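Since the structure comes first, as structure tokens, the remarks are kept for the end.
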Amino acid sequence: FRLSSLIGHISTCPSLIGQCCQRHPGSVDEFQEELVIRPLHSGDIYASFQFRTLWDTDFLQEGQKVSHYRLFPKSLGQVLSKFSVRELHISFTQGFWRTMQWGQPFIPSPPGAELWVWFHDTVSDVDGNWKELTNVLSGIFCASLNFIDLTNTVQPSASFKPLGLGNATDHRFLRYATLPREIVCTENLTPWKKLLPCGSKAGLAVLLKSEKLFHSSFHSQAVHIRPVCQDEQCTSKAWELRQTLNVVFDLYTAGQGKKEWSLFKMFSRTLTEACPLATSSKVYVDITDNPELFELSPATPLLSQAVVLGDRRTYSVFDLTRAETFGQLRSLNLLLRWKGDGGEMLRPLLHAERYVAGFGLQTGEIHTVIYNNHPYRAFPVLLMDSVPWYLQLYIHTLTVTSKSRDNKPSYIHYQPAKDRHRPHLLEMLIQLPPHSMTEVTVQFERALLKWTEYTPDPNHGFYVGSSVVSALVPSMVAMNTNFTQDQPLFSSFVPVKEESSYFVRVYTEPLLVNLPTPDFSMPYNVICLTCTVVAVGYGSFYNLLTRTFQVDEPSLPLAKRLANLIRRIRGVPLLT
Amino acid sequence: IFWFNYRHVANTLSVYRSVKRLGIPDSHIVLMLADDMACNYRNPKPATVFSHKNMELNVYGDDVEVDYRGYEVTVENFLRVLTGRLPPSTPRSKRLLSDDRSNILIYLTGHGGNGFLKFQDSEEISNMELADAFEQMWQKRRYNELLFIIDTCQGASMYERFYSPNLMALASSQVGEDSLSVSHTFFTCLFQFKVCPQSQCVSTPGHRTDLFQRDPGSVLITDFFGSVRKVEITKDTINLTSPVEPPIKRSGSGDIQIESLTYVDQLPVAEIIHQKPKQKDWHPPDGFILGLWTLILLVFFQTYGIKHLKHIF
């Protein structure tokens, strides 16, 4: 542990391609894996796994059938070719990302399931392909993605531009849908792990144990497939599959209140080897706040700096392809110990919230609040709202106010809902003044559904998917625009076009609204009541009318008989 | 979603686990769980489901694949899986791909009554529907032998109406009896198939074997619970063909100028502001508009008559 090496030694991703000799000259698949650990100021810890498989085939262009899969999973390759998919992004999230406490995530995702797909322009029936694609994906990931249909699919006109190569962006070929209610559990993690070349047997994926991963504040797993540059000149394309898993472990539930984290405490496993099929396998620990906030052991001289999310951060790099990383025990267990109470975290520049206002079961109001925390720069944001048809929006009540003054959006795209066919889609480009809060309000009315359309538990409420705020936020440090250079995976996800800003997407909370719910026990109660009334009321009335009465010899009741007995003894006249 | 249905999920998962341990792969299992217990916020140990209160065995495990979950578990989906009448886009993992040589094990658990089983607290499947579904399966040759196990209150009433051949049914309680969670776990935590004494299982198990063609005593449990994969062992050496030809190097040659590809701008503000409104596809006029115009034309011709047309045009 040499102080000089800490200060002076800054290296970018060392090229170890020659060392990993699993690649034959003919095969061109490449696999990289990476884990980034970022300690948060509140004592929680954020771990982000990224697994990237590069597949050098452009089957759509050459027209040849592909039957040889090496590292790229066959199930996804067949999906891509069958449905002419240009880009596919699917994520499953449990929990909500708290931007104000945790900062910005590397890969944002909304609660529940989110799927957005760009199809090729050769597709004639996009809706048909979309329907079949959601069914196939629901089988692959064991999720209820088959509930995605035209009632919750939208075609955003300006958000969700492709993250991969290409120039044509006709939004008729884009489909976006969310299922805010979707649960993530082990049955989603199992097939996700099976897509990795090494499975969960070697490399960083051995840390992915469901009992620990789901005992967290935030868990998100995603699959991103897009075409990327094959080489430096960028003359041809290759497919890139990125599997990302973001998890935030809570200090009090998983950490037992002690501000001390280790790989074993987080994942109940330690690392023993890299995946043999990987060309690079690294663990990055964010030590930008190192000396004051916490200490890291084992210390490593290998450092790396990266500009990510508009900030220059320093990372300790642990290279798993090198044997000396594992030390004498042949296992790597990182230990982070907090030293004091952390200082103030840098406030994230963009932050959004959403809530429902109003009372009763007839009307309501959706408020979306967007905060711009930059002291002097204003920047535009694109807000996309997709509201289900049963919340009927009154767009004439739409107001956008910043600093208590009207703020007219420079672009509005609104597609009204069609009952039971299409949801509302509202996209607005709003200029946020510096250091301000912008509020977007719109009133709605709740619709009454048909009784068969209610879920088995309608009193829980109905979910409205998160709003998406996309923005180019001014960056504090110059971003790296050279995309083809060797960069760590977490900083090379979103393509950077200019140095002064970085692209960020913020998701708001999903809403839970109660719709006027009928009383489903009513038919049963009515039947019981009616039958009782008919049986008792009409029955006895009918009896009274049709029964003939005959006088009967009355037999004295028991009490009178006893009284008569006493009277006979006394000699008094008897009762009748 | 009701937390007291935890035991049903635990029972189903124990059966699932035993069946997997005895050799049946996930591709041959259709698992339907109506409630999510493992990752529910009320579960103090997430991603785990225990079948016994001493929490020794996590039946959820690390390798579970649930095919139908949550709202997908409906009577309609269940019957469609049995009869095979699913929409064409249904993935393979959600289908029952059986033929006339397959032995099928069906295990149902939940709340039930005399002649029905509850699904999701809002609908029921009746014993007649189930019997008809099995008859459809027999007619379409979808099973060789079928073992039906039901673990609900008054479960024996569910198999009273069966009429297709080669069916064997087991229930955890007779008509008129309630099956409690204790008897469930003892009944399913089987798998030695010991006879459950009356003192431990409050209800009496029932069975029906009259439709079964073979002698029930000679049937192995593993006929339904386990499977053996056919493996061929060979000692010969097999020559693999030569490796895949490396693709032709696509580096730019001198003559052809291939332009380099670029990434798309994520938020092209100028482009968005000047975006032309989307050209809506022209649809032929709606029925209402057509009707309205027909009415107008009819009234017009009625009042003015056709011979006056030439004065107008």
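The values are calculated or read from the model by the stated rules, or taken from the named source; none is laboratory data. The structure presented is a predicted model; accordingly, all values stated were derived computationally and were not measured. Every residue, glycine as well, gets a Cβ built from its backbone with ideal geometry; the counts of neighbours run over all protein chains shown.
Descriptive notes on the structure:
- When the strands (runs of 3 or more DSSP E) confined to segment A:383-461 are screened for residues that are of a type in the set (Val, Ile, Thr) and over 21 Å from residue A:155 (Cβ atoms), those reaching at least 2 such residues are found at A:391-402, A:436-446.
- Residues of segment B:1-36 classified as part of a helix (DSSP H, G or I) and out of contact with any Cys (no Cβ under 7 Å at 6 or more places or on another chain), total: 21
- Pair list, Cβ < 7 Å and 6+ apart or interchain, from segment A:144-162 residues that are without any contact (Cβ under 8 Å) to a residue 24 or more places away in the chain to residues that are hydrophobic (A, V, I, L, M, F, W, C): A:161/B:264
- On inspection, residue A:95 qualifies as in contact with a Ser or Thr (Cβ under 9 Å, 6 or more places away or on another chain), within 13 Å of chain B (Cβ to nearest Cβ) and closer than 22 Å to residue A:370 by Cα.
- Qualifying residue in segment A:329-342 (condition: among the acidic types (Asp, Glu), surrounded by fewer than 15 Cβ atoms within 10 Å (Cβ to Cβ), within 27 Å of residue A:259 (Cα to Cα) and under 30 Å from the mean Cα position of the chain (by Cα)): no
- Residues satisfying the stated conditions in segment A:471-507, i.e. in contact (Cβ under 8 Å) with a residue 40 or more places away in the chain, farther than 30 Å from residue A:31 by Cα and of a type in the set (Gly, Ala, Ser): A:471, A:475
Listed here are the residues, each with its yes/no results for (1) of a type outside the set (Phe, Trp, Tyr); (2) modelled with pLDDT under 85; (3) touching a Gly at 6+ places or on another chain (Cβ under 8 Å).
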| position | (1), (2), (3) |
| --- | --- |
| A:487 | yes, yes, no |
| A:493 | no, no, no |
| A:498 | yes, yes, no |
| A:503 | no, no, no |
| A:512 | yes, no, yes |
| A:515 | yes, no, yes |
| A:524 | no, no, no |
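- When residues in segment A:426-474 are screened for being out of contact with any Leu (no Cβ under 7 Å at 6 or more places or on another chain), within 13 Å of chain B (Cβ to nearest Cβ) and charged (D, E, K, R), 2 of them pass.
- When segment A:149-165 is filtered for residues that are surrounded by fewer than 23 Cβ atoms within 10 Å (Cβ to Cβ), more than 10 Å from every other protein chain (Cβ to nearest Cβ) and either touching a Ser or Thr at 6+ places or on another chain (Cβ under 6 Å) or not β-branched (Val, Ile, Thr) (or both), the ones remaining, listed by number, are A:149, A:150, A:152, A:156.
- Looking only at segment A:183-214, and only at residues there that are farther than 19 Å from residue A:33 by Cβ and surrounded by fewer than 22 Cβ atoms within 10 Å (Cβ to Cβ), the one that is nearest to the chain's Cα centre (by Cα): A:183
- Matching residues, segment B:51-60, being crowded, with 19+ Cβ neighbours inside 10 Å and within 12 Å of another protein chain (Cβ to nearest Cβ): B:59, B:60
- Residue selected from segment B:119-137 under the condition free of Cβ contacts under 8 Å to residues at least 24 places away in the same chain and more than 14 Å from chain A (Cβ to nearest Cβ), by the criterion surrounded by the fewest Cβ atoms within 10 Å (Cβ to Cβ): B:126
- Residues of segment B:77-84 include none that is facing another protein chain (nearest Cβ under 7 Å) and either touching a strand residue (DSSP E or B) at 6+ places or on another chain (Cβ under 8 Å) or modelled with pLDDT under 90 (or both).
- Residues within segment A:271-298 that are more than 14 Å from residue A:315 (Cα to Cα) and modelled with pLDDT of 85 or more, tallied: 11
- Picking from residues in segment A:79-92 that are part of a helix (DSSP H, G or I) and more than 12 Å from chain B (Cβ to nearest Cβ), the one that is nearest to the chain's Cα centre (by Cα) is A:80.
- Wholly enclosed strands (runs of 3 or more DSSP E) of segment A:166-270 bearing at least 2 residues within 14 Å of another protein chain (Cβ to nearest Cβ) and at pLDDT 85 or above: A:174-179, A:218-229, A:237-249
- Evaluation of residue A:456 against (1) within 30 Å of residue A:359 (Cβ to Cβ); (2) in contact (Cβ under 8 Å) with a residue 40 or more places away in the chain (one fails), failing number: (2)
- Residue within segment B:90-97 that is away from chain A (no Cβ under 14 Å) and within 30 Å of residue B:214 (Cα to Cα) present: no
- Against the conditions (1) within 11 Å of chain A (Cβ to nearest Cβ); (2) under 25 Å from residue B:228 (Cβ atoms); (3) of a type outside the set (Phe, Trp, Tyr), residue B:28 satisfies every one except (1).
- Test: residue in segment B:37-47 that is outside any helix (DSSP H, G or I), among the small types (Gly, Ala, Ser) and at pLDDT 85 or above: yes
- Test: residue in segment A:440-450 that is buried (at least 16 other Cβ atoms within 10 Å of the Cβ) and more than 25 Å from residue A:368 (Cα to Cα): yes
- Residue satisfying condition, being on the phi > 0 side of the Ramachandran plot and not aliphatic (A, V, I, L, M), within set A:203, A:255: A:203
- Residue count, segment B:48-99 (criterion: in contact with a Ser or Thr (Cβ under 8 Å, 6 or more places away or on another chain), hydroxyl-bearing (Ser, Thr, Tyr) and in a loop (DSSP other than H, G, I, E, B)): 2
- Those helices (runs of 4 or more DSSP H) of segment A:485-576 in which 1 or more residues are among the hydroxyl-bearing types (Ser, Thr, Tyr) occupy A:522-533, A:539-546.
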